[in-house]
Amino acid sequence: MIGFREVPDEISLCIDISGCPIKCPSCHSKYLWNNIGHELNESSLNSLILANSGISCVCLMGGSQDPKYISELAKFIKENYKDLKVCWYTGDKDLSPDINLTYFDYYKLGPYDEKYGSIDNPKTNQRFYTRGSLLHKMDACPNEFYDTTSKFWVNDTII
């Protein structure tokens with residue numbers, strides 16, 4: 001699907017990756033706990049990107065079971081679509097040592113916890129990070145990531 005809220009300031013091709021090992025109790029996409037759908041590989045990813053002109057970002061939603069493979073997909077995007085940004089949504093509490101952030105512009109960490117709400121709730125436990133080169137701040141280091149979760153909030157209220 002094409003999303004406008006998953007990555008602030010981007011028109012994102014959002015690709016759900018099944019086989020989620022996290023299994024948040026209040027998950028809104030429990031069907032993604034199972035290994036369903038079609039294989040996501042370079043060929044299918046290429047077809048999805050070409051079929052969705054006008055996007056500025058590819059958001060890989062899931063993939064916590066194989067972060068190394070997610071990095072390979074991100075590398076493919078960066079090498080073949082220089083103008084596209086790449087985001088990874090993971091329900092992991094911490095960033096996997098197997099993810100290679102070289103190929104990412106954004107990432108979201110954290111399992112969904114109903115008592116804290118989703119990322120658009122100021123009380124959320126989830127965090128969204130943006131590469132410094134995308135921030136319009138003089139003191140931002142280009143290759144470091146900064147917590148920009150507050151971009152999902154509007155006047156500290158749920159949007």
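Only the coordinates and a few stated rules stand behind these numbers; no lab work does. Being a predicted model, the structure only gives us computed values, none of them experimental. Neighbour counts are summed over all protein chains in view; Cβ atoms, including those assigned to glycine, are modelled from backbone coordinates with ideal geometry.
A few points about this structure:
- Here the average projected area of the convex hull drawn through the C-alpha atoms of region 2-152 stands at 8.7 nm².
- Annotation: aspartates and glutamates with alpha-carbon distance below 20 angstrom to Lys123 (same-chain offsets under eight excluded): Glu6, Asp92, Asp94, Asp113, Glu114, Asp147, Asp156.
- A simple packing score, the average count of other Cβ atoms within 10 Å per residue, orders the peptides 77-89, 6-18 as 6-18, 77-89, with the highest score first.
- Here Phe4 and Trp33 are evaluated by their C-beta separation; at R0 = 25 Å the FRET efficiency comes out at 0.45.
- For the chain, with +1 on Lys and Arg beta carbons and -1 on Asp and Glu, the positive-most of Thr130, Ile22, Cys87 along the dipole: Ile22
- With the simple model of a label 7 Å out from the Cα in the direction of the Cβ, Asn125 to Leu48 spans 2.7 nm.
- Under 25 Å of direct C-alpha separation, and excluding same-chain neighbours fewer than eight residues apart, Lys137 reaches these lysines: Lys78, Lys82, Lys85, Lys108, Lys151.
- Helix content alone sets the calculated 222 nm mean residue ellipticity of the chain: runs of n ≥ 4 DSSP H residues at -39500 (n - 2.57) each, divided across all residues, give -4500 deg cm²/dmol.
- Of the trypsin sites (Lys or Arg not before Pro) in region 19-74, those whose Cβ has at most 11 other Cβ within 10 Å and which sit in DSSP loop: Lys23
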